[in-house]
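Below you will find the structure I want to go over with you.
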Amino acid sequence: MKNPKRHSVIVVAVVMVALAALGTGCSGSSGDTDKTAGGNGKSNVAQPGDDSAKSAPKGWPTGIPLPSDFEPLTDNTVEMSGKVTLNWAGTTSASVDEITQMYKTNMTGWAIGDAGTVKDQPTNSYLGFTRGEESLMVNIADSGEERTLNLSYSAG
């Protein structure tokens, strides 16, 4: 039987690279530096016993809410052509409805953009927000047991 938690982490990793590529116009990189794309990409994947991804990525804006039991797994930063994309992923026991409502209620000053659900295994729900030159994409992968929350913030 497949491990749904492992599947969710793989889905989040793929989504993070895709969002970073879309947000920066590059093909993405999971290494320390992407010389061919002309930008810098930095990844931080938490290993067992490693607390390095437990705090927000450097430059993460204040005011973006997190579920109270958010358990960070990984973060990624891509800088290219004056645009910075910060990705932060972790798990939570909060339901998709609770997470969605939390963002819709607490993103004061942000316009709600795209939103939807893709029925797959796991089910993925997403919300998009914009505020001037800033954007936030919230992706929730629901394995049934827990939710993997991926946040992608871009500015510049």
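Net charge within 12 Å of MET107 by Cβ-Cβ distance, Lys/Arg positive one each and Asp/Glu negative one each, not counting MET107 itself? Before the final figure, lay out the partial values.
On the way: positive: LYS104, ARG131; negative: GLU134.
Here the charged neighbours net out to +1.
When MET137, MET107 are ordered from fewest to most other Cβ atoms inside 10 Å of their Cβ, what list results?
Exposure proxy ranking, most exposed first: MET107, MET137.
Ranked from highest to lowest mean number of other Cβ atoms within 10 Å per residue, what is the order of the peptides 140-147, 90-97? Could the numbers behind the result be given before it?
Details: 140-147: 18.9, 90-97: 16.8.
Descending packing order for the listed peptides: 140-147, 90-97.
Since every read-out is calculated from the coordinates, none of them should be taken as a lab result. Bear in mind that the values here come from a model prediction, so they are computed numbers and not experimental data. Heads up, the Cβs are rebuilt from the backbone with ideal geometry, glycines too, and the neighbour counts pull from every protein chain shown.
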